[in-house]
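Beneath this line is the structure, given in structure tokens, with notes to follow.
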Amino acid sequence: MTTEIYLDGNATSAVLPAAIEAACRTMGQLYGNPSSSHASGLKAKVILDQAHQCARRLLGVGEGRLMFNSGATEGIQTALLSALVALRERQQQGVAIGSLLVYGATEHKAVPEALAHWNRLLGLNLSLHKLPVQADGLHDLAALRACVSEAALVCTMAANNETGVISDLAAIQSVLEQSASQAYWLVDCVQALGKLDLNLAATRIDYAPFSGHKLYAPKGIGMLYVRAGAPFTPLIVGGGQESAQRSGTENMAGIAALGTVLAALERGDTFRSHAELEDYRRQLAEALRAALPGVLFNHPFEHSLPTTLNFSVPGLSSRELMDVFDAAQVRVSSGSACSAAKAAPSYVLDAMQLPLWRSAGAIRMSFGPLADAAMIADACARISRCGAALRSACLIPSAQPNVAHDGLLQLGVEGACSWLLLDAASRSCVLIDPLAEHTARIEAFVRCQNYRVQAILNTTPGQDNGELIDALGRHAVSRVAADAYGWPELPEQVLLADGQRAAALRLGSRTLAWLADGSQRHYLLGQAEQGQLSAAALRFAFSTTVAGAAALRGLTGEQTLLCPSRDEQNQFCVASQHSAPCATGSSLQLDQTALAQLLQAHPEARLIDVREEFEFAASAKLLPLAAPLHSVPLSRLTEHAADWLSAPQVPLVFICRSGNRSLKAAQCLRRLGHPDSYSLSGGLALAPLAQAA
Ligand code: PLP
């Protein structure tokens, strides 16, 4: 049993085993060119013809055209080229064609991009017109009615890839018919194949592109339907294959595989029924509701594909949700696959007028009609584990008491960070330079840990922390009167290494003191003894910038780490006394083989997982590594760096999901003077899959 649960079926799917067999047979034995007249060619031609006939029956093509091609993006180009060439001819003949190229606001990007491209290339100069959708994701029919008389072409999808919302094609058709519109009509049927009944020739649809890889066929194979009588211009000409509709020797492996999938669809013995799929969605939705309090589904289930769930969770970003699911080996996507690299809001959810937090924080969970009850049950169990991991890390509210956190917590965002100084024993904390972006996170953390905030300090004067204090609740924050930097007016003092006295604050066994430097302040944290904070005992110094920390000379020791709150280079922290050049290059990065060699040569080496605590918790039982893995999230790196530098040095190998975060950690430790720091390149994503424990 593999441990990966693939819930990203709208992005692509695995290939049906029977389709793999068919493709392999076509490549290994029946490899003839279907255009050849010898026996090898004839055998290949049979496969091609059978796939064609099956597709025509299944899609109800009637007298229309059906051609195999490379996928939906190609199908969309062919369809739009065909329609726009015909429009240009009519325009040149002086026929009124309308001025608008209308497309649904939630179309896949391939549609508006191709519309703009061919409109420009063909010199048509029509206007692209985005047709709005309603809050439920359905096309706004009133808006369509308002523009249909000017529409030269209308593009609407059958089902949306991000939300699974099923368009009301019958209603769109009736708007087109009632207005006796001459507009051509393209319907992107990519997400509908295998999930909705299609009888294309019985509709007014002119063009319908399909893609094999969304339904258990390989990537690089697709189909295009063109209604009988609708204009057609081939995109690719040459040897005249596919009845001269799409030249180029056919992708026979892809066609054989897609043909096998279509045959299975037609037989009706392979894929789950609509009712079974709906039941799977219900189970997943229940598991999500139980694990992630407040989860909101971003589309109405009653008119969505039963195989898609799109949701957002208050207080959690899509990055955090993606990370926790990925850690539990549940593959989901944020927004659409194409934009997953950027945490940009989803244009589909924006078009449905969802608030920004829902649109930017959305997760799509999608499965295919081959899903089975065991996989869904396993997915539900993992969703529950993800919820528990997020709760224990205080990212979502929890009724259970949490393990108290101790030490430093650094929350970073774009070159700046907030510092939290935590003391588990006294259940109290001090905040330094809290950023407005972290208000919700700090509030959730403090509330869930049930900490009392002793002080909210700033390294520069006059910062307004009112919003944070309100969020924390006045009862959670010390009421002692404070100065312009937030320092509470308390009598305690400590003697610093250079003999000067400084105001002090007790944080459990540690002492915090401040030092003026022009209008700025530095905060010094260490273990004071007999009222003295020696240079050797000074562990951390907090300043606005690293440069500003020059004023600390004479107070810091070899072990002291400088912790800036403006950290443009994302350094985490720097050594106060020396700094090794930033290390890059191959020696810093280990691949799997180099890691195995290092572990053999240095069994004492420590493997450190720098993913967030909730990712570690969600994946603890699944990690495929032999050696024990210690969890030290990047947000805790500074605290632990101090320990690793002071203890006898053993090699440190940092590990994360993809190798990015671990590289930063290894670079930081080398800079701090730990030369045996490494990063596992490619991260856990490239590690071999483990068996579920
Ligand atoms: N249309 C929709 C609705 C899709 O989901 C996709 C793929 O994501 C495409 C078009 C493009 O399909 P292909 O990748 O086969 O070109």
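The distance separating the Cα centre of the range 348-407 from that of the range 25-40 comes to 49 Å. Near the amide H of Glu492, within less than 5 Å, lie the amide hydrogens of Ala504, all on another chain or at least 5 residues away, with H placed in the peptide plane. In this structure the chain gives 41 Å² per residue of accessible area when probed at 1.4 Å with all protein chains present.
Using alpha-carbon positions, what is the distance between the centroids of the range 266-284 and the range 670-685, in Å? For the range 266-284 versus the range 670-685, the Cα centre distance is 46 Å.
Close amide H partners of Thr233, meaning residues 5 or more places away or on another chain with modelled amide H under 5 Å apart, are Ser82. The angle between the Cα long axis of helix 373-392 and the longest principal axis of the Cα atoms of the chain comes to about 30 degrees, rounded to the nearest 10. The mean sequence separation of alpha-carbon pairs under 8 Å and at least six residues apart, normalised by the residue count of the range 186-242, gives a relative contact order of 29 percent. Packing, as the average of other Cβ atoms within 10 Å across residues, places the peptides 34-46, 138-150 in the order 138-150, 34-46, highest first.
Taking the longest Cα principal axis of the chain as reference, the axis of helix 439-449 is set at about 70 degrees. Hey, how many Å between the Cα centroid of the range 96-115 and the Cα centroid of the range 638-666? That distance is 51 Å. Packing, as the average of other Cβ atoms within 10 Å across residues, places the peptides 183-192, 320-329, 48-57 in the order 183-192, 320-329, 48-57, highest first. Couplings for the range 631-643, taken from phi via the Karplus curve 6.51 cos²θ - 1.76 cosθ + 1.60 with θ = phi - 60°, read 8, 9, x, 3, 5, 10, 4, 4, 4, 6, 4, 4, 5 Hz in order; Gly and Pro are left as x.
Checking the cross-link pairs Lys109/Lys195; Lys219/Lys664; Lys214/Lys664; Lys130/Lys214 against a 30 Å limit on the alpha carbon distance flags Lys219/Lys664; Lys214/Lys664 as lying beyond it. The helix-only estimate of mean residue ellipticity at 222 nm for the chain, built from DSSP H runs of length n ≥ 4 each weighted as -39500 (n - 2.57), is -9500 deg cm²/dmol after division by the residue total.
Nonpolar atom fraction for the range 493-600, defined as the carbon and sulfur part of the 1.4 Å probe accessible area, stands at 46 percent.
For the chain, take the longest principal axis of its alpha carbons; what is the angle in degrees between that and the long axis of helix 274-291, to the nearest 10 within 0 to 90? Between helix and principal axis, roughly 10 degrees.
Taking a Cβ cut-off of under 9 Å around Asp406, the surrounding Lys, Arg, Asp and Glu residues balance to a net charge of -2, with basic ones at +1 and acidic ones at -1. Of Cys448, Cys563, the residue with the largest accessible area leads and the full order is Cys448, Cys563 (1.4 Å probe).
Each other residue within a Cβ distance under 14 Å of Leu265 adds +1 if Lys or Arg and -1 if Asp or Glu, for a net charge of +3. Of the accessible area of the range 127-225, computed with a 1.4 Å probe over protein heavy atoms only, carbon and sulfur atoms account for 50 percent. Here the contact order of the range 638-684, divided by its residue count and restricted to Cα pairs under 8 Å and six or more residues apart, works out to 43 percent. Take every DSSP beta bridge with both residues inside the chain and express the antiparallel ones as a percent of the total, to the nearest 5. Counting DSSP beta bridges with both partners in the chain, the antiparallel share is about 55 percent. 3J(HN,Hα) couplings calculated from phi for the range 243-255 with the Karplus curve 6.51 cos²θ - 1.76 cosθ + 1.60 (θ = phi - 60°) are, in sequence order, 6, 6, 8, 7, 6, x, 4, 4, 7, 5, 5, x, 5 Hz; Gly and Pro show x. Surface composition of the range 68-117: carbon and sulfur make up 51 percent of the accessible area, probe 1.4 Å. Backbone N atoms of the range 167-210 closer than 20 Å to the 7 Å Cα→Cβ label point of Ala96 belong to residues 175-185.
The values are calculated or read from the model by the stated rules, or taken from the named source; none is laboratory data. The structure displayed is predicted, hence computed values, not measured ones. Using ideal geometry, Cβ is built from the backbone for each residue, glycine included, and neighbour counts are taken over all protein chains shown. Note: accessible area is taken over every heavy atom of the protein model, side chains too, but ligands, DNA and RNA are not part of it. Shrake-Rupley method; radii C 1.70, N 1.55, O 1.52, S 1.80 Å.
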